[in-house]
Structures are given as structure tokens and as C-alpha cells.
Amino acid sequence: MSVMSFRAACAESTVDGHPLWVVVDDSCRLHHEACVFLALLRGMGQSFNAEKVYSISGTLLTWCSDLGLNWKQVTLLDLARVLRFCSRNGWMDAELLARLSESKYLNWLPPGKEAGEDDQFRDVRAHMLKLPNLSEEAPNHLTPEQLLQVVTRAGDRFLVALLGCAGARIGEVLGMGRQDIHLLSGSRRLGCSVAGPGINVPQRANDVSEAPAKSRFAEGAPVAEDLARLSTACSLPLGAGY
């Protein structure tokens, strides 16, 4: 039985030309079930980035092919082994794998379990996925004064202000160009969908910043007029993301 290797690949839709994710084998043949699942995500309105994350299913398919398993019949234990497989190949952080379980000492044994002559069976590995504990001194948010102390470059201050005013995601702002920022009192003639000062959040295929917007459709958002003052203090490259 030949071992097949599967991977995620970015393709171009034959319908509208937009980028999409697929799962292919060594011969660039589509994996039918995986591609149908990704198409279902697109139909549900899931973002391009979310679709990319789910396309990692090619890792599971590769692992199953390597061991001669049917991917349709894998168990929960098999999925845990997939994570170890990903860790060995450098596809995921080994630290995350270590946090999936931790050592515990059982003061009270469950029914039917023996401690052993030297209590050696009281030490077990318990499944536990934990996020790092945050420092109690860490603030929940930064005040404007603290931001001015941390963010010193004019361009960085404009970026932070733009995120706060528009409520945009970082990937959306990084994918914007100078032509998408309209800080005049009215920019309808320039194609802006916002009545006053605002921004257009584009969804461009193969964006030069490699930070595509989460939404699959172009959107607009209003911003404060004071943002224009910050924009004059920095230089925005024409036709490229920040």
C-alpha cells in the first residue's frame, strides 16, 4: 500500500476568481471529502483565515496513510497521536502538546484501581489543556497616557488609533492601502461607502501584506475626524499595506 502525503494549498475559484483553500495529495489531486468540507465553510460565510486553519485536515490524512488507517474510522486516541505526529514534524508547538496532560497524585483512588505496593500507581498523567496564567499586575487595558508612552512612532500611533476608531481587525488594517483611507469630510466620489471620514476594508486576492481581511466582502467603517491629524505625522506608502 503506497503512502500518500496530503497538504493544504491555496487555489483560485473558477467561479469568481477569489482565493480558496483545498487539500491535495502528492499528485495535486483534490481530496474530495476535505474539499467539500472547506466549501461548506465558505458557504456558511466563514472567513478565509478560518478556512485555512481547517485545511490542516491534510495532516490527519497523511498520518492515517502513513499508518495504513482509514481516516473515517479514527478514534479519540488516534487524534491524540496525530498531535504527537504534528509535534515531531514541527507543525505545532511542542509546548502545546505538553500542556495536554499533566502529572497528578491521586489521594483518593477511583473504585477498582489499586495503588500498588509503593503507591507507584497513584502518579498519573491527567489530560489538561490550560492557558498560561496572566500576571495579576497586568492591566486589562491601557489608558491613552500609557499608550503614548509605549507607542512612540508616528506610524504606530496612527495604526493603533485606526484600530480603535474603526473597530477593525489587525489583518484588515494591514491589508489596507493609502487609497482605502478617506479622511475628508466626504469621499463618495472616490468610491467610499461612508458618508463622512471613513475607511474601506478591501478583500483582495494575493494581498502584498499577506494579511487578508477576515470578511469575504469589502466593508466600510466611519472614523473620527481627529484621525486626519495623526495621518499627517506619518507617511503611508501608496498602494501598499501599512
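The values are calculated or read from the model by the stated rules, or taken from the named source; none is laboratory data. Worth saying up front: this structure is predicted, and the values here are computed from it rather than measured. FYI the Cβ positions are ideal-geometry reconstructions off the backbone, even for glycines, and counts take in every protein chain you see. Note: areas computed on protein heavy atoms with side chains; ligands, DNA, RNA excluded. Shrake-Rupley method; radii C 1.70, N 1.55, O 1.52, S 1.80 Å.
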Kindly list, by first and then second residue, each pair from a residue in region 172-184 that is at negative phi and open to solvent by less than 50 Å² (accessible area, probe 1.4 Å) to a residue that is among the acidic types (Asp, Glu) and not in a strand (DSSP E or B), limited to pairs with Cβ atoms under 8 Å and residues at least 6 apart or on different chains. Gly175/Asp207; Leu183/Glu225
Sort out which residues of region 23-42 are open to solvent by 70 Å² or more (accessible area, probe 1.4 Å) and not hydrophobic (A, V, I, L, M, F, W, C), and write them in order of number. Asp26, Ser27, Arg29, His32, Glu33
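What is the residue count in region 42-56 for residues that are over 10 Å from Leu20 (Cβ atoms) and part of a helix (DSSP H, G or I)? Steps first, answer last, please.
Looking only at region 42-56, we keep the residues that are over 10 Å from Leu20 (Cβ atoms), and these are 43-47, 49-50, 53-54, 56.
Checking the rest, the ones that are also part of a helix (DSSP H, G or I) come to 43, 49-50, 53-54.
Adding up the residues that qualify gives 5.
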Criterion: loosely packed, with under 15 Cβ neighbours inside 10 Å, closer than 22 Å to Ser5 by Cβ and touching a helix residue (DSSP H, G or I) at 6+ places or on another chain (Cβ under 9 Å) - qualifying residue of Leu67, Leu96, Leu61, Leu106: Leu67
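Can you find even one residue in region 58-67 that is of a type in the set (A, V, I, L, M) and touching a residue at least 40 places away in the same chain (Cβ under 8 Å)?
Within region 58-67, the subset of a type in the set (A, V, I, L, M) is 60-61, 67.
Still in the list and also touching a residue at least 40 places away in the same chain (Cβ under 8 Å): 61.
Yes, some residue in region 58-67 is of a type in the set (A, V, I, L, M) and touching a residue at least 40 places away in the same chain (Cβ under 8 Å).
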For Val15: the one exception among (1) β-branched (Val, Ile, Thr); (2) under 20 Å from the mean Cα position of the chain (by Cα); (3) outside any helix (DSSP H, G or I): (2)
